């Protein structure tokens, strides 16, 4: 088959490659969410006809439609190197992996350049039905890299040097420094994540001793642990959780016990308001913000409550317990 014939056939196959990319992205997104693996982004693309033509002219392929593995491509950008193994396990569990290429291993220890892992996959017979007609045996390349690896790839892509040997010495020094700094930074981020995970385990283990748990100082992680402890059947709203922390008077509220006192004082009022508007209490965070809204005027003025909620604070304030007064 001559090059023009391959190009014509590729043009006919483009809709199928686009369908393949959409399907691979969909499966990965669903599985990432199921396994609670958070990523920076996922993207996909199909090689353009111009790019296909240029590549087939630059390299001699007997059958580019079979030999070129990245006509369809999906890229997953994660935050930590420790997530790479989890994502690889996910890919292997969902697709047929024909090839795995670790760019870091190829690069070696004395070279700078792009790091990341590439997989060549097909959907396979497990994806059956009309939805998958024509795409089950088509190849797709999945690239997995961290945010910092992606940053290096994005910037270096715009440099004119295609081979390391062609880079002038002083520029090569600068690029080597950047590559080293990014690698060090990646190690620091992964280390901080590990320490934070350990901290979260320590906080959760203290829940067995309630007084000890409530003596924890208030920060993002301890407040999240308290919310899960108090409302175990409800998720946390990350955005409103952060806003709650920002609006709290941290001099007045220093320990989790200070939060717990507010929640207990406002419980009857919050429950009454929840009975009126159950759809506004989908998160454990909703209970905390409403508790502070009922009890703390300063918080009420800082937090962006809606008009109906402000009215409820005034209408149901009779249900709020009075603060305990010290006895002589």
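Selection of the range 301-328 for residues being surrounded by 18 or more Cβ atoms within 10 Å (Cβ to Cβ) and outside any loop (DSSP other than H, G, I, E, B) yields 309, 312, 313. Does residue 127 meet the test of being part of a loop (DSSP other than H, G, I, E, B), modelled with pLDDT of 85 or more, within 30 Å of residue 13 (Cα to Cα) and within 28 Å of the chain's Cα centre (by Cα)? Against the criterion (part of a loop (DSSP other than H, G, I, E, B), modelled with pLDDT of 85 or more, within 30 Å of residue 13 (Cα to Cα) and within 28 Å of the chain's Cα centre (by Cα)), residue 127 qualifies. Mind checking whether some residue in the range 282-300 is without any contact (Cβ under 8 Å) to a residue 40 or more places away in the chain, over 25 Å from residue 233 (Cβ atoms) and outside any loop (DSSP other than H, G, I, E, B)? Checking the range 282-300: at least one residue is without any contact (Cβ under 8 Å) to a residue 40 or more places away in the chain, over 25 Å from residue 233 (Cβ atoms) and outside any loop (DSSP other than H, G, I, E, B). Is it true that some residue in the range 105-113 is touching a helix residue (DSSP H, G or I) at 6+ places or on another chain (Cβ under 7 Å), surrounded by fewer than 19 Cβ atoms within 10 Å (Cβ to Cβ), within 26 Å of residue 188 (Cα to Cα) and at pLDDT below 90? Yes, that holds for at least one residue.
Selection of the range 244-259 for residues being assigned to a loop (DSSP other than H, G, I, E, B) and more than 13 Å from residue 285 (Cβ to Cβ) yields 249, 250, 251, 252, 253, 254. Mind telling me which of the residues 194, 241 ends up being at pLDDT 90 or above, within 20 Å of the chain's Cα centre (by Cα) and not in a loop (DSSP other than H, G, I, E, B)? Every option except 241 fails the conditions. Given the structure, is residue 88 surrounded by 13 or more Cβ atoms within 10 Å (Cβ to Cβ) and under 25 Å from the mean Cα position of the chain (by Cα)? Yes. Against the list (1) modelled with pLDDT under 85; (2) outside the structural domain of residue 146 (by TED's automatic domain parsing); (3) exposed (fewer than 11 other Cβ atoms within 10 Å of the Cβ), the condition residue 172 fails is (3).
From the list 203, 236, the one residue that fits, being over 30 Å from residue 152 (Cβ atoms) and modelled with pLDDT of 95 or more, is 236. For first residues located in the range 265-280 and in the same structural domain as residue 237 (by TED's automatic domain parsing) and modelled with pLDDT of 95 or more, partners that are part of a helix (DSSP H, G or I) and exposed (fewer than 15 other Cβ atoms within 10 Å of the Cβ) and lie 6+ apart or on another chain with Cβ distances below 7 Å form the pairs 269/317. Looking at the range 31-102, the strands (runs of 3 or more DSSP E) lying wholly inside it that each contain 1 or more residues that are without any contact (Cβ under 8 Å) to a residue 24 or more places away in the chain and in the same structural domain as residue 154 (by TED's automatic domain parsing) sit at 96-102.
The values are calculated or read from the model by the stated rules, or taken from the named source; none is laboratory data. Fair warning: this is a prediction, and the values are worked out from it, not measured in the lab. Cβ sites come from the backbone with ideal geometry, for glycine too, and all protein chains shown count toward neighbours.
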